[in-house]
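Asker: One structure follows; several queries about it will come next.
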Amino acid sequence: MVDNKQCWKNREFFYSVKSVANILDNYVQVSQEGKGKVLNQSAPEELIVKLKMREWIKSGGMNDDELSKFIDEYLEQGTRLHHPNYMAHQCAVPDIGSAIGDLIHGVGNNAMSLFEMGASAVATELAITEWMLNKVGWDTNKSDAILVHGGSLANLTALLAARNYIYPNAWKDGVPLNTIILSPKNAHVSVSKAAAIIGIGSHSVYELPCDSLGRIIHDEIPKVINYHRNKGRVVMAIITNACAAPTGLYDPILNISKICQSEDIWLHVDAAHGGSALLHSKLQHLLEGIHYADSITWDAHKMLRVSTLAAAVLFRDKHNLYKAFNQNADYLFFDENRPGPDLMHYTIEGSKSEIGLKVFLNLAKRGEAGMAEYIYSRHLAAYEFGEMLCKRDDFELLCKPESNIVCFRYKDESENSNENHIIIRKKLMDKGSFHLASSFVNDKRWFRAVIISPSTNVNSFTRLLNDISYEYQCLV
Ligand SMILES: *Cc1c(COP(=O)(O)O)cnc(C)c1O
């Protein structure tokens, strides 16, 4: 028996977990059944006082009953992603495997970026990245991938590699000022952040021609490339959305990849959200040509039911990943006769959580087929929602959904229409009845629904539309 007061003893952890597990399980059940509010938004100060946070910080000594009470209220005051009326952001609704993975990481904390800090965590990462590379259709001897904390870091990693590809000395010497990136206007904000961070500047991200729905018009790309080249600029990379966060629409990857090949330009496919469509045979066509990409961002914390933060960045040529961080990196992989790699040489972060384990445990429970079924079911629900919207004459659909993201608006021709959409979204959130996001596309404000909770069904859609039209009646 250890006697240091700070050591765990008397199975105190076990009993704490047991009481919290009970609360969590109940929380998910209640959420899934759509009981109660989907979210609460109390002001932080109010909650700090209500939950006696300052007192707890000072005094400590929270026992299991008090812990249960605290967690219960804590969960009540947050956002319930398992609720059928949660349709807001592209955040995974965690599955059991992922939740267990978080607990395991929370205890063991194998910060596995050094092999010696978690051999098993490294193994799960390698198994998962191998699985992902296979899904893309790449030869795992030639390609490689790394797990990172989020799609923004994945995009940054990809563009860092693209920079090194075009300027092999960039790590030491920086980049010429005429370097540019071509990207659709609705690319994720992390693309322009990455441009700023890698030293080409956010002003060096130029827009690609897009249709009114924000999809790249591939036929016009060669003209745009020539235009910039004639101005003395060097195109470092072309970004494509798979799918675009605001609309859920995919760019024509195959056609764009052909242009990138003939012009020798790095193609980055930002499949943070849509990469998971690779898992289902009926959705794969959306990503046709993705295997021609030089790099791909694919989040697990969106459609793979893994809690934040979990993302992958994949490279068709593994050397592009290795060289991005080090000029002569290959030897590092197995130096000092270590049995496994130190992954930190291939990431921006110095330490890393056990991301691979969470993805692994989800797959180990549901199987690839179970995961695919979930992904497909959310797409089907979104398509069904789209059809429902088409049949209503009080609503307008932006376009037939391709993914599980649906943009729609109330047919409101008033000049306050855009603001009204913002007001109604807020009203629904204040009531806690529905949680929607919003997009600005084609000069209009739209409601944006991300169909991601496994419990969302056609009844949720009917109620949502009725609630929105009711709120509109109240407005006028
Ligand atoms: C969500 C998303 C991102 C950013 O991912 P984070 O994991 O939130 O950093 C980037 N690109 C696209 C297209 C996305 O949908």
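Asker: Order the peptides 431-440, 200-209 from the highest to the lowest mean number of other Cβ atoms within 10 Å of their residues.
Answerer: Per-residue Cβ counts within 10 Å, averaged per peptide and sorted highest first, yield 431-440, 200-209.
Asker: What is the order of ASP394, ASP412, ASP72, fewest Cβ neighbours within 10 Å to most?
Answerer: If I rank by nearby Cβ atoms, fewest first, I get ASP394, ASP72, ASP412.
Asker: Same structure again: Is the stretch 346-391 rounded, prolate or oblate when judged by the Cα gyration tensor, a ≥ b ≥ c being the square roots of its eigenvalues, rounded requiring a/c under 1.5 and prolate requiring a/b larger than b/c?
Answerer: oblate
Asker: Here's a follow-up. Beta carbons within 10 angstrom, averaged per residue: use that to sort the peptides 179-186, 355-362, 459-466, highest first.
Answerer: Top to bottom by mean Cβ count within 10 Å: 355-362, 179-186, 459-466.
Asker: Which helices, counted as full DSSP H runs in the chain, have an axial Cα extent of no less than 27 Å and a Kyte-Doolittle average of 0.0 or above?
Answerer: For the chain, where a helix must reach 27 Å along its axis and average at least 0.0, the hits are 12-32, 355-391.
Asker: Report the FRET efficiency, 1/(1 + (r/R0)^6), for LYS69 and SER262, where r is their Cβ-Cβ distance and R0 is 56 Å, rounded to 0.05.
Answerer: Result of the calculation: an efficiency of 0.30.
Asker: Based on Cβ point charges of +1 for Lys and Arg and -1 for Asp and Glu, what charge dipole magnitude is obtained for the stretch 319-476 about its Cα centre, in debye rounded to the nearest 20?
Answerer: So the magnitude is around 340 debye.
Asker: Next question. Classify the chain as rounded, prolate or oblate, taking a ≥ b ≥ c as the square roots of the eigenvalues of its Cα gyration tensor: rounded when a/c is under 1.5, otherwise prolate if a/b is larger than b/c and oblate if not.
Answerer: Oblate is the answer for the chain, as a/c is 1.5 or above yet b/c matches or exceeds a/b.
Asker: Another question about this same structure. Report the antiparallel proportion of the DSSP beta bridges in the chain as a percent, rounded to a multiple of 5.
Answerer: 60
Asker: Sort CYS399, CYS260, CYS390 so that the residue with the fewest other Cβ atoms within 10 Å of its own Cβ comes first and the one with the most comes last.
Answerer: Ascending number of Cβ neighbours within 10 Å: CYS390, CYS399, CYS260.
Asker: Which of ALA271, PRO209, ASN169 sits closest to the plus end of the dipole of the stretch 161-274, meaning its Cα is farthest towards the positive end, when Lys and Arg get +1 and Asp and Glu get -1 on the C-beta?
Answerer: ASN169
Asker: When the dipole is taken about the Cα centre of the chain, and only Lys, Arg (+1) and Asp, Glu (-1) are charged at their Cβ, what size is it in debye, to the nearest 20?
Answerer: Approximately 340 debye in magnitude.
Asker: Scan the stretch 243-350 for trypsin sites (Lys or Arg not before Pro) in coil per DSSP, keeping those whose Cβ has at most 12 other Cβ atoms within 10 Å, and list them by number.
Answerer: Of the trypsin sites (Lys or Arg not before Pro), the ones in loops of the stretch 243-350 whose Cβ has at most 12 other Cβ atoms within 10 Å are LYS282.
Asker: Rounded, prolate or oblate for the stretch 140-201? Axes are the square roots of the Cα gyration tensor eigenvalues, ordered a ≥ b ≥ c, and the cut-off for rounded is a/c under 1.5.
Answerer: oblate
Asker: Now, a different point. According to a simple spin-label model (label point 7 Å from Cα along Cα-to-Cβ), what is the distance in nm between HIS228 and SER120?
Answerer: 4.7
Asker: Find which of TYR376, TYR472, GLY34 sits farthest along the positive direction of the dipole of the chain, computed with +1 on the beta-carbon of Lys and Arg, -1 on that of Asp and Glu, about the Cα centre.
Answerer: Towards the positive end, the residue furthest out is TYR472.
Asker: If you don't mind, another one. Pull up all non-local amide H partners of ALA92: gap of 5 or more, or a different chain, and H-to-H distance under 5 Å with H placed in the peptide plane.
Answerer: Under 5 Å from the amide H of ALA92: LYS302.
Asker: A further question follows. Please enumerate, by chain and number, the lysines with C-alpha under 29 Å from the C-alpha of LYS323, excluding those fewer than 8 residues away in the same chain.
Answerer: Once the sequence-local lysines are set aside, what remains near LYS323 is LYS135, LYS142, LYS172, LYS193, LYS258, LYS302, LYS352, LYS358.
Asker: Over the stretch 125-199, what is the relative contact order in percent, taking alpha-carbon pairs closer than 8 angstrom and at least six residues apart?
Answerer: Computed value for the stretch 125-199: 30 percent relative contact order.
Asker: Let me ask another. Assigning unit charges at the beta carbon (Lys, Arg +1; Asp, Glu -1) and nothing else, what dipole magnitude in debye, to the nearest 20, does the stretch 342-430 show about its Cα centre?
Answerer: Its charge dipole is roughly 320 debye.
Since every read-out is calculated from the coordinates, none of them should be taken as a lab result. The structure presented is a predicted model; accordingly, all values stated were derived computationally and were not measured. Because the Cβ atoms are built from the backbone with ideal geometry, glycine has one as well, and the counts that use them run over all protein chains shown.
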